[in-house]
Amino acid sequence: MSDMKEVFLYTDGSSLGNPGASGFCALLEYKARDGKVFHKQVSGGEAYSTNGRMELKAVVEGLRLLNESCMVTIVSDSKYVCDSIEQYLPNWQKKGFKDVKHVDLWGEYMSLSKIHTIQVRWVKAHNGHPQNEHCDYVAKLNAKKFVASN
């Protein structure tokens, strides 16, 4: 058994208009040996972005919260993020990210993920998954902040 902490990284992104006012949320969940559950959350947004970018931004910002090597399960309702991490990223790297969107964030993801063991789990959106619903709610709240400021 590994001594690495096991953490779940729940993420979601939102874009009102796609592109438009956008938000993201990342929720880290860690269960200590004594059974106590700890959470860390980060969220934010941009005045004009896309849903895909915010989905990826949530993953990057969530990984940024970790200060040691962990076994990370990324739980996302984004096929774009899940499929990209599991299938496409190695080929994108080989091809120098030619014609790939969000190269800046993919670079950050690769840098931040190096020290972790990562697996990805896709969940259906708006299907009652508590942490996914929470992240969806917070991401939308962040996006709405930019609508109100225009």
Return the residues of the stretch 104-122 that are under 14 Å from Lys57 (Cα atoms) and among the hydrophobic types (A, V, I, L, M, F, W, C); say none if nothing qualifies.
Leu105, Trp106, Met110, Leu112
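Looking for whichever is in contact (Cβ under 8 Å) with a residue 12 or more places away in the chain and touching a Phe, Trp or Tyr at 6+ places or on another chain (Cβ under 8 Å) here; the options are His134, His116, His102. Which one fits?
None of the others qualify; the one that does is His134.
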Quickly run through the stretch 73-103 and pick out the residues that are closer than 15 Å to Lys57 by Cβ and loosely packed, with under 12 Cβ neighbours inside 10 Å.
none
Being in contact (Cβ under 8 Å) with a residue 24 or more places away in the chain and open to solvent by less than 70 Å² (accessible area, probe 1.4 Å) is the filter; apply it to the stretch 119-128 and report the residue that is nearest to the chain's Cα centre (by Cα).
Val120
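Would you be able to tell me the number of residues in the stretch 26-45 that are touching a strand residue (DSSP E or B) at 6+ places or on another chain (Cβ under 8 Å) and more than 17 Å from Tyr109 (Cβ to Cβ)?
12
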Scanning the stretch 11-44 residue by residue, those over 23 Å from Gln119 (Cβ atoms) and either open to solvent by less than 30 Å² (accessible area, probe 1.4 Å) or touching a His at 6+ places or on another chain (Cβ under 9 Å) (or both) turn out to be Ser14, Ser15, Gly20, Ala21, Ser22, Gly23, Gly44
Among the candidates Tyr30, Tyr48, Tyr10, single out the residue that is part of a strand (DSSP E or B) and touching a Pro at 6+ places or on another chain (Cβ under 7 Å).
Tyr48
Going through the stretch 38-71 in order, the residues found to be modelled with pLDDT under 95 and either within 13 Å of the chain's Cα centre (by Cα) or of a type in the set (Val, Ile, Thr) (or both) are none
Going by what's in this entry, would Glu61 be described as among the acidic types (Asp, Glu), surrounded by 22 or more Cβ atoms within 10 Å (Cβ to Cβ) and out of contact with any Lys or Arg (no Cβ under 8 Å at 6 or more places or on another chain)?
no
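Just wondering, is there one or more residues in the stretch 66-77 that are on the phi > 0 side of the Ramachandran plot and among the hydrophobic types (A, V, I, L, M, F, W, C)? Please lay out each step first, then the result.
Within the stretch 66-77, the first condition is being on the phi > 0 side of the Ramachandran plot, and the residues that meet it are none.
No, every residue in the stretch 66-77 fails to be on the phi > 0 side of the Ramachandran plot and among the hydrophobic types (A, V, I, L, M, F, W, C).
The values are calculated or read from the model by the stated rules, or taken from the named source; none is laboratory data. Here the structure is a predicted model, which means the values were calculated and not measured. With ideal geometry, Cβ positions are generated from the backbone for all residues, glycine too; neighbour counts draw on all protein chains shown. For the accessible areas, the whole protein counts, side chains as well, though only heavy atoms, and no ligand, DNA or RNA atoms are used. Shrake-Rupley method; radii C 1.70, N 1.55, O 1.52, S 1.80 Å.
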